[in-house]
């Protein structure tokens, strides 16, 4: 399929979905083809004389065959389009108990020493990122991540230039950059769009502190905008940093300061556009295909891509460290993604233009943008492609999506109908759920907690007909819900530490409002115009809503007392953070010296050592200063961090619902965090190998990619 149909018109990748099976035996009557990365060339696909490449096996496969891959790393791009039947699908799988990696990474070889511990090498094509094993290496920057980004002064859109707001220091790295910018970039925070990106630099004039860009970002105004210089070998200042310099359209020179010389032998970069492409030939539809137990990584566009297919299942795979989407599905129906781990990609997984699809039992985490995307006609044309409908997203653990662009744990957009989100745990996101252009959605028995903006957005005047029931929604950075469409129904929920903005389009009752302080408003209502009320009786008298709701302590089994959001500020250091005061009822009075806090859900308790008018100090310090808005959860005197939002015995939540039934969700968060999504006591998703555990992003010692390149 054309590369173009795999991108949103806004330039964002649309993501994928998949699957429902476990590794099993070969169906009766099917053939089995074997592949072994260590085999000699010329094999026939038998167990004794396997093929050496996956491509050979796919080429030889017949409908309903099973292709079994033995342990190894397969550095090849694979296209799978051999249809099976519903009873006997075509299967591509890992041999049971063996680690099989489909890799789009290419090794970097031929390193030559330069001055100051730096090495250089030449690679084919562009390079988006540099890895040692599966550990991404930081691109060289000035100022580095341990310092604030530089504020912009005046801007000139016509000349495509901006000025630094202050004088630039006379230091060798900047002199090198100004003398020959080469492939240097400006890494930008654009305040107007609240997003990050990069643009190429053509000139730096240190005397006038003026930076000329090869491409102007129309959102730049200079007001609140910030920048860093990035990607120039003269900026490499410490081990681990790297930069590239474009030689021509075919080759790139890479500069790297390894932490140890042995790291050079393990360097690699994403090269293949798509690692595994499941698609039919031409306009033909591929159908009844299963992908099981594979590790998929190192793509520049998508690790796993499903297009123009019907009845495709992807299960128990680990999809990681792809430079764009982890997995993507488009114009495909009856696609299932089940029991996979999707992490460390630019975007996670999703479905676009699909009917009757299922996303179940996955852990989706630490992707740079959105976690799960459900989208319809992203072409933007009335006749572009089908909308999406009848999509179910359930029993997923989606967390830590808050770093770049406008990240959401789950996003829904571009015309989707009949979406069910149930039994999901969604923690720590820019938004927990962001929606637009949808008719008919249900959020049921879910937990949406810990966001930088609103916990849930039913937005843009076109996200309509939503039911939210038996869920816990709380700790929203700007509030719980933003609603500007029509037809919303809330019932049997726990709204935690956040004011509910009740619009005229909302019907809401039998909810429990659990607030940290008695002075927290329970609801903000549109009529009387933007009035805040403390009690259900006041809300009911004014609007007719919440007539049977309660305001009381939910008595969760284990939860932080409150959340505060760290604001981007120059005062931030590894042991001090500025707090966004006044948002979502946060007050510095909620923190006391001696309180134990957790930052960005890193699982580590730190002790508050000082409380200022708008900042906190704590010990032990973070590895590095916070990069963007960060989450501070106050656990008060807790000895350990265990988040469990099921009500304790005696909680009013156990009888606050309609017909005296419980409100909130009955999900066991600690079990979800162990990978047990079904309450069986067993992990439903694969165990991570040790090198992947080590590469799982640290929320407080972050990797910042070259955005947009």
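The values are calculated or read from the model by the stated rules, or taken from the named source; none is laboratory data. Computed from a predicted structure; not experimentally measured. In this analysis, Cβ positions are derived from the backbone assuming ideal geometry, glycine residues included, and neighbour counts consider all displayed protein chains.
Summed over the stretch 570-603, the residues that are without any contact (Cβ under 8 Å) to a residue 12 or more places away in the chain and either surrounded by 15 or more Cβ atoms within 10 Å (Cβ to Cβ) or closer than 28 Å to residue 365 by Cβ (or both) give a count of 0. Only one of the listed residues (681, 708, 675) is modelled with pLDDT under 95 and more than 28 Å from residue 514 (Cα to Cα). That residue is 708.
Kindly check whether there is at least one residue in the stretch 367-386 that is under 20 Å from residue 312 (Cα atoms), surrounded by fewer than 24 Cβ atoms within 10 Å (Cβ to Cβ) and either more than 10 Å from the chain's Cα centre (by Cα) or touching a residue at least 12 places away in the same chain (Cβ under 8 Å) (or both). Yes. Checked against the criteria, residue 435 does not count as closer than 15 Å to residue 411 by Cα, surrounded by fewer than 24 Cβ atoms within 10 Å (Cβ to Cβ) and without any contact (Cβ under 8 Å) to a residue 40 or more places away in the chain.
The number of residues in the stretch 463-476 being surrounded by fewer than 24 Cβ atoms within 10 Å (Cβ to Cβ) and either within 21 Å of residue 540 (Cα to Cα) or at pLDDT below 95 (or both) comes to 3. Of all the listed residues (552, 610), the sole one being in contact with a strand residue (DSSP E or B) (Cβ under 8 Å, 6 or more places away or on another chain), more than 21 Å from residue 625 (Cα to Cα) and surrounded by fewer than 20 Cβ atoms within 10 Å (Cβ to Cβ) is 552.
Considering the conditions (1) part of a strand (DSSP E or B); (2) under 19 Å from the mean Cα position of the chain (by Cα); (3) in contact (Cβ under 8 Å) with a residue 60 or more places away in the chain, residue 313 is excluded by exactly one of them, (2). If you go through the stretch 408-422 and keep only what is buried (at least 23 other Cβ atoms within 10 Å of the Cβ) and assigned to a loop (DSSP other than H, G, I, E, B), you end up with just 414.
Criterion first (in contact with a helix residue (DSSP H, G or I) (Cβ under 7 Å, 6 or more places away or on another chain) and without any contact (Cβ under 8 Å) to a residue 60 or more places away in the chain) does residue 469 satisfy it?
no
Of these, 56, 114, 76, which one is under 26 Å from residue 271 (Cβ atoms), assigned by TED's automatic domain parsing to the domain that holds residue 259 and either surrounded by 15 or more Cβ atoms within 10 Å (Cβ to Cβ) or touching a helix residue (DSSP H, G or I) at 6+ places or on another chain (Cβ under 9 Å) (or both)?
Result: 114 is the single residue among 56, 114, 76 that is under 26 Å from residue 271 (Cβ atoms), assigned by TED's automatic domain parsing to the domain that holds residue 259 and either surrounded by 15 or more Cβ atoms within 10 Å (Cβ to Cβ) or touching a helix residue (DSSP H, G or I) at 6+ places or on another chain (Cβ under 9 Å) (or both).
I need the full set of residues from the stretch 443-462 which are surrounded by fewer than 19 Cβ atoms within 10 Å (Cβ to Cβ) and either assigned to a strand (DSSP E or B) or in the same structural domain as residue 582 (by TED's automatic domain parsing) (or both), in order please. Across the stretch 443-462, the qualifying residue is only 444. Restricting 653, 639 to residues that are assigned to a helix (DSSP H, G or I) and more than 23 Å from the chain's Cα centre (by Cα) narrows the list to 653. Pairing each residue of the stretch 137-156 that is free of Cβ contacts under 8 Å to residues at least 12 places away in the same chain with any residue that is surrounded by 15 or more Cβ atoms within 10 Å (Cβ to Cβ) and assigned to a strand (DSSP E or B), provided the two are 6+ apart or on different chains, yields C-beta distances under 8 Å for 156/162. Among the residues making up the stretch 673-693, those that are touching a residue at least 12 places away in the same chain (Cβ under 8 Å) and either assigned to a loop (DSSP other than H, G, I, E, B) or crowded, with 17+ Cβ neighbours inside 10 Å (or both) are 675, 677, 678, 684, 685, 686, 688, 689, 692. Here is a check on your reading of the model: is residue 659 loosely packed, with under 14 Cβ neighbours inside 10 Å and over 30 Å from residue 72 (Cβ atoms)? Yes. Within the stretch 665-672, is even one residue within 30 Å of residue 619 (Cβ to Cβ), assigned to a loop (DSSP other than H, G, I, E, B) and touching a strand residue (DSSP E or B) at 6+ places or on another chain (Cβ under 6 Å)? Scanning the stretch 665-672, I find no residue that is within 30 Å of residue 619 (Cβ to Cβ), assigned to a loop (DSSP other than H, G, I, E, B) and touching a strand residue (DSSP E or B) at 6+ places or on another chain (Cβ under 6 Å), so the answer is no. Residue by residue through the stretch 616-634, note down the ones that are surrounded by fewer than 19 Cβ atoms within 10 Å (Cβ to Cβ) and in a strand (DSSP E or B). Once the filter is applied, which keeps residues that are surrounded by fewer than 19 Cβ atoms within 10 Å (Cβ to Cβ) and in a strand (DSSP E or B), the stretch 616-634 yields 617, 619. Taken over the stretch 515-537, the residue count meeting the criterion of being surrounded by fewer than 17 Cβ atoms within 10 Å (Cβ to Cβ) and either at pLDDT 95 or above or farther than 16 Å from residue 474 by Cα (or both) is 12.
Evaluated against (1) in contact (Cβ under 8 Å) with a residue 40 or more places away in the chain; (2) surrounded by fewer than 24 Cβ atoms within 10 Å (Cβ to Cβ); (3) at positive phi; (4) in contact with a strand residue (DSSP E or B) (Cβ under 7 Å, 6 or more places away or on another chain), residue 358 falls short on exactly one condition, (3).
Residue count for the stretch 498-514 under the criterion of being buried (at least 20 other Cβ atoms within 10 Å of the Cβ) and either in contact (Cβ under 8 Å) with a residue 40 or more places away in the chain or in contact with a helix residue (DSSP H, G or I) (Cβ under 8 Å, 6 or more places away or on another chain) (or both): the result is 9.
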